[in-house]
Amino acid sequence: MDELQQPPRESSSNAVVFHVHGVTKIYQMGEVQVPALRGIDLDLYNGEFAVLLGASGSGKSTLLNILGGLDTPTEGHVLYGDRDLTRASEKELTAYRRYHVGFVFQFYNLIPSLTARENVAVVTEIAKSPMQPEDALQLVGLGERIHHFPAQLSGGEQQRVAIARAIAKNPDVLLCDEPTGALDSQTGVVVLQALQRVNRQLGTTTAVITHNAGIAQMADRVIHLADGRISQVDINETRVDASELSW
């Protein structure tokens, strides 16, 4: 079995899930080098809810893609547990993404011809110890909508199907890229409630990137990014329930 198919060895509540050290990412655009990350040092902990906050172009998505094994840094190291993702083969990274990470993006990427349940089942059929699709949909508040097609669902409901799909394989980590970016405030709050419920009930380490400062109040920690660097880290002594957010 590939190393990255196996669970992380540490499981205590304060265990470091990700250790990011000296991560730089430079994109080559013709003859021009464009730095996206400039020496990131960051730890993310087991079961925490972290918000990565910053303006467009601050490096949030690049960092999230590197954590998720979708991209690799130009320099530096990313450890998942005690495994260095930056030294992993493409086969190992595929196994890592498949068995350990759930992704939620701004756009839902649901298959139009499949029901909500069938969209979730696409993932559970390749997972090792998945949830039942019905249970995942129930957790995000869509237990009554399992037989509806995407066209019959609102934008917020479609995003919650996407969250159910991401969590149904029981990932250790949930990485969310602007999950409320295409939604109005009221609908966005419902989506954030679903993410908060997953974090609290399943203990899934959750990282949400956003440019929306209002979301930061629901996090354990807020990591501010600017110009490819971490500019500030705030710890919320008391997390605000997502239902109380507005922007």
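Packing order of peptides 75-84, 233-242, highest average first: 75-84, 233-242 (average count of other Cβ atoms within 10 Å over each peptide's residues). Taking the C-alpha atoms only, the angle from helix 90-100 to the longest principal axis of the chain is near 50 degrees. Which semi-axes, in whole Å and largest first, does the equivalent ellipsoid of the stretch 120-242 have when worked out from the alpha carbon gyration tensor as the square roots of 5 times its eigenvalues? Square roots of five times the eigenvalues give 26, 17, 13 Å. Lysine pair count for the chain with Cα-Cα distance under 21 Å and sequence separation of 8 or more or different chains is 4.
With a sphere of radius 13 Å drawn around the Cβ of M131, what net charge do the other residues whose Cβ falls strictly inside it have (Lys, Arg +1; Asp, Glu -1)? Display every interim value, and only then the final one.
Working: positive: R117, K128, R165, K169; negative: E125, E134, D135.
Summing Lys and Arg as +1 and Asp and Glu as -1 gives +1.
Per-residue 3J(HN,Hα) values for the stretch 206-220, derived from phi via the Karplus relation 6.51 cos²θ - 1.76 cosθ + 1.60 with θ = phi - 60°, read 10, 10, 10, 9, 7, 9, 8, 5, x, 6, 4, 5, 8, 8, 6 Hz in sequence order (x marks Gly and Pro). log₁₀ I(q)/I(0) of the stretch 3-239 at q = 0.08, 0.11 Å⁻¹, via Debye over equal Cα point scatterers, no solvent, to two decimals? Evaluating at q = 0.08, 0.11 Å⁻¹ gives log10 I(q)/I(0) of -0.28, -0.55.
For the chain, what is the calculated [θ] at 222 nm in deg cm²/dmol (nearest 500), taking -39500 (n - 2.57) for each run of four or more DSSP H residues and dividing by its residue count?
Values: 6 runs with 66 residues, N = 247.
Taken over the chain, the calculation gives -8000 deg cm²/dmol.
Taking Cα atoms only, the orientation of helix 185-202 departs from the longest principal axis of the chain by about 80 degrees.
The numbers here are math on the coordinates, done by the rules we state, and not lab data. Owing to the predicted nature of the structure, the values given are computational and were not obtained by experimental measurement. Glycine gets a Cβ as well: all are built from the backbone with ideal geometry, and neighbour counts include every protein chain shown.
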